[in-house]
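Report on the following structure.
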Amino acid sequence: MNVYAMQQEVLRLKKEKDMCILAHSYVAREISEIADFVGDSYMLSVKAESVPNQNVLLCGVRFMAETVKILSPEKHVFLSNPVAGCPMAEQMDKDMIAQVKAQLPDYTVMAYVNTTAELKTIADVCVTSSSAVKIARAIDNDKILFIPDCNLGAFVAKSVPEKTVRLLQGGCPVHAAVRPDAVRAAKQLHPDALVLVHPECVPGVTEQADYVGSTSGIMDFAKASQAKEFIIGTEISIAEHLQYDCPDKSFYPLTKDLICPNMKSTTLVDVYRVLTGQAGEEILMDAETITQARRCIDKMIELGG
Ligand code: 13P
Ligand code: SF4
């Protein structure tokens, strides 16, 4: 079967199986083309709640499928490729954070959505890259312990200087690997381009950017901008999607190494195989974990996402 024929078969099967396909914007183009919704982590987590389908297939990484399950426990939620995890989400566990929490009892624990469901059970509020700054400002405590991403946490601390933000040593291995020199080199090659980067990059990179935001934020900024050239400092697929969406503009990946192997591990064949009952994993979670993990996500939605 060629790609087009498989896409047609997936479109037919997802109707037959009452399956909604949610795809993170980092997954391959042949998947985003057949998805019902494509977006950043925040958009995907809230979208799942409002779709009428009984079944949801998440094309992205495990914590995203878990978040969908927490918000829609009555739905059958599947992860298209069970090996797709986010290394950052696994960096800190519940016991470790419980110990730090005990030492900092007057701090609000703010957890990036890139965390396991288990870790979310002891967080006070959840945030995504698009909502972290807004929620840090809105939360009724001036002391914040930000976990696990120290780069997103540093960006929050800089953007909300009136609050004390404590950080731990965690982060995204893909974004954190981009060195500040790479920005200088890309600017030399493309002097007229605006630099748009994800806040998971190190401060030496975000400080040189014209815009810092989530994957959707970067895409919206580039589409609305009058500029014609952009250096894209996030997973390489965003430059590709933008190039399709705006053929009159030019998009240059900040480095060729900005590839998330976990996001890339999901293929169209995986999606087809889930729909034909040959592969994939249904996310199962006990009721107590769902209830406890949901509190910090509800708090995020209450504070405006
Ligand atoms: P977004 O919140 O921008 O979707 O980012 C998720 C992610 O994993 C970035 O590396
Ligand atoms: Fe996790 Fe980084 Fe991949 Fe995003 S890009 S899923 S944070 S490893």
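The values are calculated or read from the model by the stated rules, or taken from the named source; none is laboratory data. A quick note: this is a predicted structure, and the numbers were derived from the prediction, not measured. A quick note on method: Cβ atoms are made from the backbone with ideal geometry, for glycine too, and the neighbour counts reach across all protein chains shown. The protein model used for the area step is the full one, side chains on, heavy atoms only, and it has no ligands, DNA or RNA in it. Shrake-Rupley method; radii C 1.70, N 1.55, O 1.52, S 1.80 Å.
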Revision key, fill the gap. Checked region 153-211 for anything out of contact with any strand residue (DSSP E or B) (no Cβ under 9 Å at 6 or more places or on another chain), in a loop (DSSP other than H, G, I, E, B), surrounded by fewer than 23 Cβ atoms within 10 Å (Cβ to Cβ) and in contact (Cβ under 8 Å) with a residue 40 or more places away in the chain; matches are Pro173, Ala177, Val202
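Please specify each residue of region 240-268 satisfying the condition of being touching a strand residue (DSSP E or B) at 6+ places or on another chain (Cβ under 6 Å) and open to solvent by 10 Å² or more (accessible area, probe 1.4 Å).
Applying the first criterion (touching a strand residue (DSSP E or B) at 6+ places or on another chain (Cβ under 6 Å)) to region 240-268 yields 242-243, 250-254, 266.
Across region 240-268, the qualifying residues are Gln243, Ser250, Phe251, Tyr252, Pro253, Leu254.
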**Study point:** Close pairs (7 angstrom Cβ cut-off, 6 or more residues apart or separate chains): within 19 Å of Ala48 (Cα to Cα) in region 274-287, open to solvent by 50 Å² or more (accessible area, probe 1.4 Å) and part of a loop (DSSP other than H, G, I, E, B) anywhere
**Key:** Leu275/Lys17; Glu281/Pro82
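Within region 109-119, identify whether any single residue is under 12 Å from the mean Cα position of the chain (by Cα), within 16 Å of ligand 2 (Cβ to nearest atom) and among the small types (Gly, Ala, Ser), and answer yes or no. Spell out how you get there, then give the answer.
Quick first cut of region 109-119, residues under 12 Å from the mean Cα position of the chain (by Cα) only: 112-115.
Still in the list and also within 16 Å of ligand 2 (Cβ to nearest atom): 112-115.
Still in the list and also among the small types (Gly, Ala, Ser): none.
There is no residue in region 109-119 that is under 12 Å from the mean Cα position of the chain (by Cα), within 16 Å of ligand 2 (Cβ to nearest atom) and among the small types (Gly, Ala, Ser).
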Practice item. Need at least 1 residues that are closer than 30 Å to Ala35 by Cα and within 16 Å of ligand 1 (Cβ to nearest atom) per element, so show me which strands (runs of 3 or more DSSP E) inside region 73-152 make the cut, counting only ones lying wholly within it. Key: 76-79, 108-112, 125-127
Point to revise | Lone unmet requirement of (1) within 16 Å of ligand 2 (Cβ to nearest atom); (2) surrounded by fewer than 17 Cβ atoms within 10 Å (Cβ to Cβ) for Glu16 | key: (1)
Point to revise | Matching residues in region 33-56 - criterion: being open to solvent by less than 30 Å² (accessible area, probe 1.4 Å) and within 13 Å of ligand 1 (Cβ to nearest atom) | key: Gly39, Asp40, Ser41, Leu44, Ser45
Check your understanding: Looking at region 65-102, which of the residues that are among the hydrophobic types (A, V, I, L, M, F, W, C), more than 27 Å from Arg273 (Cα to Cα) and in contact (Cβ under 8 Å) with a residue 40 or more places away in the chain is most open to solvent (accessible area, probe 1.4 Å)?
Key -> Val100
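Which of the residues spanning region 103-129 are over 20 Å from Arg294 (Cβ atoms) and either of a type outside the set (Asp, Glu) or surrounded by 24 or more Cβ atoms within 10 Å (Cβ to Cβ) (or both)? Let's see the steps before the verdict.
Residues of region 103-129 over 20 Å from Arg294 (Cβ atoms): 103-107, 129.
Gln103, Leu104, Pro105, Tyr107, Ser129 - these are the residues of region 103-129 that are over 20 Å from Arg294 (Cβ atoms) and either of a type outside the set (Asp, Glu) or surrounded by 24 or more Cβ atoms within 10 Å (Cβ to Cβ) (or both).
Do you know which of the residues in region 269-280 that are closer than 20 Å to Gly85 by Cβ and part of a helix (DSSP H, G or I) is least open to solvent (accessible area, probe 1.4 Å)? Steps first, answer last, please.
Of the residues in region 269-280, the ones closer than 20 Å to Gly85 by Cβ are 269-271, 273-274, 279-280.
Next cut, part of a helix (DSSP H, G or I) only: 269-271, 273-274.
Values: Val269: 69, Asp270: 28, Val271: 0, Arg273: 88, Val274: 16 Å².
Selected residue: Val271.
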Study note, to complete from the structure: A careful count of residues in region 281-300 that are assigned to a loop (DSSP other than H, G, I, E, B) and either open to solvent by less than 30 Å² (accessible area, probe 1.4 Å) or in contact with a Gly (Cβ under 6 Å, 6 or more places away or on another chain) (or both) gives 1
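When the residues of region 219-239 are narrowed to those that are more than 16 Å from ligand 2 (Cβ to nearest atom) and acidic (Asp, Glu), which ends up most open to solvent (accessible area, probe 1.4 Å)?
Quick first cut of region 219-239, residues more than 16 Å from ligand 2 (Cβ to nearest atom) only: 220-231.
Cutting the leftovers down to acidic (Asp, Glu) gives us 220, 229.
Values: Asp220: 96, Glu229: 46 Å².
Of everything passing the filter in region 219-239, Asp220 is most open to solvent (accessible area, probe 1.4 Å).
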Exercise for review: Considering every residue within region 284-305, establish whether at least one is more than 23 Å from Cys126 (Cα to Cα), out of contact with any His (no Cβ under 9 Å at 6 or more places or on another chain) and modelled with pLDDT of 95 or more.
Suggested key: no
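When you scan region 134-152, how many residues do you find that are under 16 Å from the mean Cα position of the chain (by Cα) and either open to solvent by 50 Å² or more (accessible area, probe 1.4 Å) or under 19 Å from Gly204 (Cβ atoms) (or both)? Break it down stepwise before answering.
Of region 134-152, the ones under 16 Å from the mean Cα position of the chain (by Cα) are 147-152.
Among the residues that remain, those that are also either open to solvent by 50 Å² or more (accessible area, probe 1.4 Å) or under 19 Å from Gly204 (Cβ atoms) (or both) are: 149-152.
Selection size over region 134-152: 4.
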